[in-house]
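Written below as structure tokens is the structure these notes are about.
The values are calculated or read from the model by the stated rules, or taken from the named source; none is laboratory data. These figures come from a predicted structure and were not determined experimentally. Glycine gets a Cβ as well: all are built from the backbone with ideal geometry, and neighbour counts include every protein chain shown.
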Amino acid sequence: MKLTELKKLIKETIQEEQDYNKLFVHMLDKTHKSLADMSDMEKKHFFNAVDKAYKAKSEGRLRGYNEAELTAGQKQLDVDKDGEIEGSDLAKLRNKNEVGTNDWHFKAIMKMYDMAGSFGKKKISVAATGTTNASKRDIERELRDTDYNEISDISDKLGLKETKGAQKKK
């Protein structure tokens, strides 16, 4: 999973949470009571009504009160499989999936970029970012945000192959 996909999924999850909170506040205002003023039975009815009105019990989607309520994409974010999406899960996922600057693919692509003329730099830019006008920094950032399979594909597109002790062009 790319970092951009991860950010999009987190943004969607947070938006669902915000939508739920807006509904919650709106329905609480309609009761003309605070939670502290409600009896246990009133609280139970209130929360059930909010959940029913929202139609998706999204309180579990971000904090994972019930793993069964996590979507398939959100389950991918739950690295430790405890039903909660926490900062530690996101850090582990990022470290697990992203390619480091010491990977031979990264080094070979950036070395090729440094040695290339304008046409070669455009070719590398297209292979790494999909645009012809990406800067060296944009390419580096995109390569760091890719997983091993993606950077291998980019290396293949550029004609790079791994050899013992060095990187060589095909």
Check on Ser125, at pLDDT below 90, small (Gly, Ala, Ser) and not assigned by TED's automatic domain parsing to the domain that holds Lys7: no
Qualifying residues in the range 1-35 (those that are part of a loop (DSSP other than H, G, I, E, B) and modelled with pLDDT under 80) - the one nearest to Lys52 (Cα to Cα): Met1
Looking only at the range 126-150, and only at residues there that are of a type in the set (S, T, N, Q) and closer than 21 Å to Glu5 by Cβ, the one that is surrounded by the fewest Cβ atoms within 10 Å (Cβ to Cβ): Asn149
Matching residues, the range 106-152, being of a type in the set (D, E, K, R) and under 24 Å from the mean Cα position of the chain (by Cα): Lys136, Arg137, Asp138, Glu140, Arg141, Glu142, Arg144, Asp145, Asp147, Glu150
Test: residue in the range 86-103 that is farther than 17 Å from Leu3 by Cα, surrounded by 12 or more Cβ atoms within 10 Å (Cβ to Cβ) and at pLDDT below 90: yes
